[in-house]
Amino acid sequence: MRVKKIKKKGVSPMIATVMLVGFTVAVIGMVIVWSRGYIEERAQKEEALATTKIKCESVKFEVEEAYQVGEGLHLKIKNLASQRIDAVVLRIKGNNVEATEQGVIIKGLETKSLDIGSESFDATAVGKINTVEIIPEIKAGKNTYVPCSGKMLEARVAAPA
């Protein structure tokens with residue numbers, strides 16, 4: 001049996017170089033198109049966060065009432081500015097610290113009463129509530145809130161009636 005030798009020539013070095021350069025240009029083009037969209041999206045998110053942080057500067061509120069009701073907590077918060085507060089984070093301090101978040105909206109110059117039941121936090125772990133820290137939050141986008149940590153207030157909680 002005779003084996004035939006197949007004479008095939010490879011791609012010339014010039015064509016190979018042109019193909020490599022073309023492939024490299026195509027990959028660079030795809031990276032540029034992808035990164036442009038990514039950078040624009042990131043800039044928009046950063047702008048929204050910066051705008052919200054500026055809004056935090058105009059937040060001003062006070063706690064008119066804070067007392068323990070059974071195992072729950074009653075708060076009366078008054079918004080002293082025209083800037084709306086979209087949510088508040090409460091850190092309830094008793095024997096231990098327990099945090100609970102309330103998605104309550106307090107419009108500008110509005111007073112809002114909050115009754116936080118023991119189902120929102122572990123009342124047995126907290127025990128007697130001594131103080132509560134209130135941190136307002138401003139909405140920055142869909143399901144995105146920015147805490148105004150510099151505007152946090154700590155209110156003493158009166159003993160249960």
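Please say if the stretch 35-130 is rounded, prolate or oblate, where rounded means a/c under 1.5 for a ≥ b ≥ c the square roots of the C-alpha gyration tensor eigenvalues, and otherwise the choice is prolate for a/b larger than b/c and oblate otherwise?
oblate
For the ranges 11-18, 70-77, 148-155, 131-138, what's the packing order if you count other beta-carbon atoms within 10 Å of each residue, average per peptide, and put the highest first?
In decreasing order of mean packing, 11-18, 70-77, 148-155, 131-138 become 131-138, 70-77, 148-155, 11-18.
Divide by every residue of the chain the summed helix terms, -39500 (n - 2.57) for each DSSP H run of at least 4, and state the resulting mean residue ellipticity at 222 nm, rounded to the nearest 500 deg cm²/dmol.
About -10500 deg cm²/dmol.
Answer with a single label: of (i) 46, 14, 13; (ii) 63, 22, 10; (iii) 52, 15, 13, which was calculated as semi-axes √(5λ) of the Cα gyration tensor in Å from the structure in view?
So the structure-derived entry is (ii).
Sequence gap at least 6, Cα distance under 8 Å: using those rules, report the relative contact order of the chain to the nearest whole percent.
Relative contact order for the chain comes out at 22 percent.
Sticking with the crude label model, points 7 Å out along Cα→Cβ, report the distance from GLN102 to GLN44 in nm, one decimal please.
The modelled label-to-label distance comes out at 3.4 nm.
Does the stretch 1-77 come out rounded, prolate or oblate, given a ≥ b ≥ c as the square roots of the eigenvalues of its C-alpha gyration tensor, rounded meaning a/c under 1.5 and, failing that, prolate meaning a/b above b/c?
oblate
Excluding same-chain residues fewer than 8 positions from LYS93, which lysines have a Cα within less than 29 Å of its Cα?
LYS53, LYS55, LYS60, LYS76, LYS78, LYS107, LYS112, LYS128, LYS139, LYS151
Each value in this text was obtained by applying a stated rule to the coordinates, not by laboratory testing. What you see is a predicted model; the values in this text were computed from it and never measured. Neighbour counts run over all protein chains shown; Cβ positions are idealised from the backbone, glycine included.
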